[in-house]
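**Q** Here's a structure for you.
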Ligand code: PLP
C-alpha cells in the first residue's frame, strides 16, 4: 500500500515520549538487567527503524522482532545491536538468519535435529545464537520437558552452526491483579531450566512483568510500555508514568449544512434530525480506522464531535457544532485543548486492546517524528 503524503492525515510520533519511557524503565532495572526494546509489527505501529534508532541512542542493549524480515529491516537500516526474533523460524531460512546475524528461538528437539541437518547440508559462515523457549503456561512455543532442555544444551554445545545464548519464557497474565498463574509460570520456568549451565541471557520480563512483578532474569523484553501504553489497559496502574507517543490527526476537507432528515454514509444508518453541520475527514478503514468506530468521536477545536454514519474506506463524516472552516485540525488520537482521545479509548469502544489498534494503523498513513 502506498503511503499517502498528499493528504492531511498523518501519525505523529512524539520521540521525546519514547525517550522518556526508556529512561524511566532504565532507572528501574536491576544492575544485571539489559533492556531489549520490542519493536515487532513496525514498532507496534510507531515505525520500527525510527524507534530502534531512538532506543539505540537511549542505550538499549538489543531488540526483539517477530519475523526474519523485521530483523533484516533493522540490519539494512544500519542497526548492529543484537536482534532476537521472537517467532519460530523455518530451517530453510537459517542461512539468511546467519547472514543477518539474528538470534532465534528453539522450541523443540525435532526442530534442532532439522536445523543440524540443514547446517550439514548447506553450512553457513557465522554461527547462529539460539535461545531455548520454555513452555510454562502460554501454550504457544517451547520445550515442556527439562530432560529435552538439557539435551538441547548438550547438542548445541557440539553443534557447529549454532550456539546457546539464552533461555526464555513468556507470561500470559502478567497484566492481571491476581498473580497466581504468573507465579505458577515463574516456578515452572525456573524448575525447567535448573538443569542448564546458566546461558548468557535468561529472560521472562515483558512490560507488565517489569511494571508489576519482582525483577527476574537479566534481559527485559520491553514493548508496549516503551510506547507509553499501559499493558493492562486500565486494570492496573503503573508505579511510574508512561507517556503516550502516538497521535493521529487529519483536517476537515468539506463542511456543509445538511437539512433535517438527510442521510449520511453507506447504508443510510444516520439521518440528521435538524439542520446539521457535517464535516468530512479523509481517513477510513483502509487506514486502520475501523468501521466499528461509527458513533465514536474525534476532537475539533477542543470539542468532541461524533462520527456519524458508517466509516468509509477512505473518509468519514462527523457532526460539527457549527460551521467550522475547511482545513481545521481533526484529532483522532491525541490531545486537543483539555481533552484527549487515547488508543485505549478507541480499543474500549470497539472491544479490543490498544496493542491491536496501534498495529492496525496502516502503511498508508505517513508517520512523522517530532
Ligand atoms: N516477549 C514476547 C515473547 C512477546 O510476544 C511480546 C509481545 O507480545 C513481548 C515480549 C513484549 O510484550 P509487551 O509489549 O507487553 O511488553
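**Q** Would you look at the GNM of the chain, springs on alpha carbons closer than 10 Å, and say which of 22, 196, 86 moves the most?
**A** Comparing 22, 196, 86 in the GNM, the peak value goes to 196.
**Q** On to the next question. What do you get for Rg/Rh over the chain if you use C-alpha atoms and the Kirkwood form of Rh?
**A** Using only Cα positions, Rg/Rh for the chain is 1.05.
**Q** Against the longest alpha carbon principal axis of the chain, how many degrees, from 0 to 90 and to the nearest 10, is the axis of helix 109-121 turned?
**A** Long axis of 109-121 versus the principal axis of the chain: about 80 degrees.
**Q** Additional query: If the viscosity is 0.890 mPa s and the temperature 25 °C, what Stokes-Einstein diffusion coefficient in µm²/s follows for segment 113-218 when Rh is the Kirkwood radius over Cα pairs?
**A** Translational D for this selection: 166 µm²/s.
**Q** When the Cα atoms of segment 228-301 are enclosed in a convex hull and the volume is divided per residue, what value in Å³ results?
**A** 151
**Q** Now for a different question. Top mean-square fluctuation among 286, 194, 358, Gaussian network model of the chain, C-alpha springs under 10 Å?
**A** Evaluated over the chain, the most mobile residue of the options is 194.
**Q** Additional query: Apply the Kirkwood formula to segment 317-370: the hydrodynamic radius equals the inverse of the mean of 1/r over all pairs of different alpha-carbon atoms; give it in Å with one decimal.
**A** 13.4
**Q** Please state the equivalent ellipsoid semi-axes for segment 75-155: what are the square roots of 5 times the Cα gyration tensor eigenvalues, largest first, in whole Å?
**A** 23, 16, 10
**Q** Now, a different point. Round to the nearest 10 and give me the degree value, 0 to 90, for the angle of helix 146-158's Cα axis relative to the longest principal axis of the chain.
**A** Taking the Cα atoms of the chain, the angle to 146-158 is about 70 degrees.
**Q** If the chain between residue 117 and residue 286 were fully stretched, how many nm would it gain, using 0.36 nm times the residue separation less the Cα-Cα distance?
**A** Stretched fully, the residue 117-residue 286 segment lengthens by 56.4 nm.
**Q** Let me ask something else. Have a look at segment 15-227 and give its Rg and Dmax from the Cα atoms, expressed in angstrom.
**A** Cα-based Rg and Dmax for segment 15-227 come out at 16.8, 50 Å.
**Q** Now for a different question. With springs connecting C-alpha atoms under 10 Å apart, model the chain as a Gaussian network and identify which of 336, 345, 275 has the largest mean-square fluctuation.
**A** 275
**Q** Next question. Measuring from centroid to centroid over Cα atoms, what is the spacing of segment 26-71 and segment 325-353 in Å?
**A** Distance between centres, Cα-based: 26 Å.
**Q** Using a Förster distance of 41 Å, how high is the FRET efficiency between residue 101 and residue 314, based on the Cβ-Cβ distance and rounded to 0.05?
**A** It comes out at approximately 0.50.
Where a number appears in this text, it was derived from the coordinates with a stated rule and is not lab data. Quick caveat, the model's predicted, so the values are computed rather than measured. Please note: Cβ atoms are built from the backbone with ideal geometry, for glycine as well, and neighbour counts cover all protein chains shown.
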